[in-house]
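Following: one structure in structure tokens, then a few remarks.
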Amino acid sequence: MPYSKAHYFLVGILALTVIAFWPSYFGNLKQASFAHHFHGITASLWILLMAWQSKLAHSTNIKLHKASGKILFILIPLMVGAFALVTLAGAQKAVAGHPFYQMFGQALLTVDLFLILAVPFGVYLSLKLKKKPQLHSAYMFGTVAGLLPPILSRLLVNIIPAWKITGPETLHHFAYALHFSFIFTIFMGIAFLIIYKPYNRPWAFATAVSVIVYALYLTLGQSQAWASFTSWLAEVSSIFIFIVGFLTGLTACVFGWKQNTK
């Protein structure tokens, strides 16, 4: 079976997530909104489920692997719905004039909206190819690629003295960490493309997603048209946006599971 140590990598990503978001979320849980709690819980459970599934597959407990894999029919729709709610909250903060969202967050909403489609599509491809372990597992693992830039960028501003944010006057430091994180993620995807050459389609997909979201941030995200769209998005019903996200995730799971690619 491929990726025999992947569960360690996934647990490591979760640990880094806690460290990276400690100042803004994990260390201030009482101040966080329901949407952020929902997003944090579902995304963390998704990483843990992938780690558990990888461990089961490599312990040859395939029967339990298949049975517990059906949890994704609940978790993926909830996770995508939660991500949609957080995106809506970001749009509302941008419209309200939040300094971070005016400088970075509004443009980063292009990344969020694209990932709301790309992550379920990655899950769909993984389920479609469930009889091909090399591709099935890689497509699943590739769904965390979108998490790397936000994790790395926050880690960097926390640990690199010259990039630390001490107040509104140093908020621009986040740009350095953000660009580095996007570029690092792209090169990481390219490295996986080379390392896993015989079965590198999933890493081509993950790398393409990384390139696209960075390009969206640099172009569409900086435009006046996007600012206008953000203003419109901020007025959308939270119930509606959650249902759209939930159905997107559910559709990916159902159609992927029904595929029978040999």
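The values are calculated or read from the model by the stated rules, or taken from the named source; none is laboratory data. Being a predicted model, the structure only gives us computed values, none of them experimental. So basically every Cβ, Gly included, is an ideal-geometry build from the backbone, and we count neighbours across all protein chains shown. The accessibility values were calculated without ligands, DNA or RNA, using every heavy atom of the protein model including side chains. Shrake-Rupley method; radii C 1.70, N 1.55, O 1.52, S 1.80 Å.
Before moving on, here are some points about what is shown:
- Which numbered condition residue 214 misses (of (1) under 26 Å from residue 72 (Cβ atoms); (2) touching a helix residue (DSSP H, G or I) at 6+ places or on another chain (Cβ under 6 Å); (3) of a type in the set (Ser, Thr, Tyr)): (1)
- Residue pairs whose Cβ atoms lie under 8 Å apart, separated by 6 or more positions or on different chains, with the first residue in the range 52-68 and within 15 Å of residue 127 (Cα to Cα) and the second open to solvent by 60 Å² or more (accessible area, probe 1.4 Å) and in a helix (DSSP H, G or I), are 68/52.
- Residue match in the range 7-15 (condition: surrounded by fewer than 18 Cβ atoms within 10 Å (Cβ to Cβ) and under 20 Å from residue 135 (Cα atoms)): yes
- Residues of the range 204-254 classified as exposed (fewer than 13 other Cβ atoms within 10 Å of the Cβ) and among the hydrophobic types (A, V, I, L, M, F, W, C), total: 4
- Those residues of the range 39-53 which are surrounded by 18 or more Cβ atoms within 10 Å (Cβ to Cβ) and of a type in the set (Gly, Ala, Ser), in sequence order: 40, 43, 51
- The listed residues are 95, 86, and the only one of them that is open to solvent by less than 50 Å² (accessible area, probe 1.4 Å) and at pLDDT 95 or above turns out to be 86.
- Boolean, residue 192 is within 21 Å of residue 4 (Cα to Cα), among the aromatic types (Phe, Trp, Tyr), open to solvent by 30 Å² or more (accessible area, probe 1.4 Å) and within 22 Å of the chain's Cα centre (by Cα): yes
- If the condition is being open to solvent by less than 50 Å² (accessible area, probe 1.4 Å) and either modelled with pLDDT under 95 or of a type in the set (A, V, I, L, M, F, W, C) (or both), then the range 162-187 contributes 167, 170, 171, 173, 174, 175, 177, 178, 182, 186.
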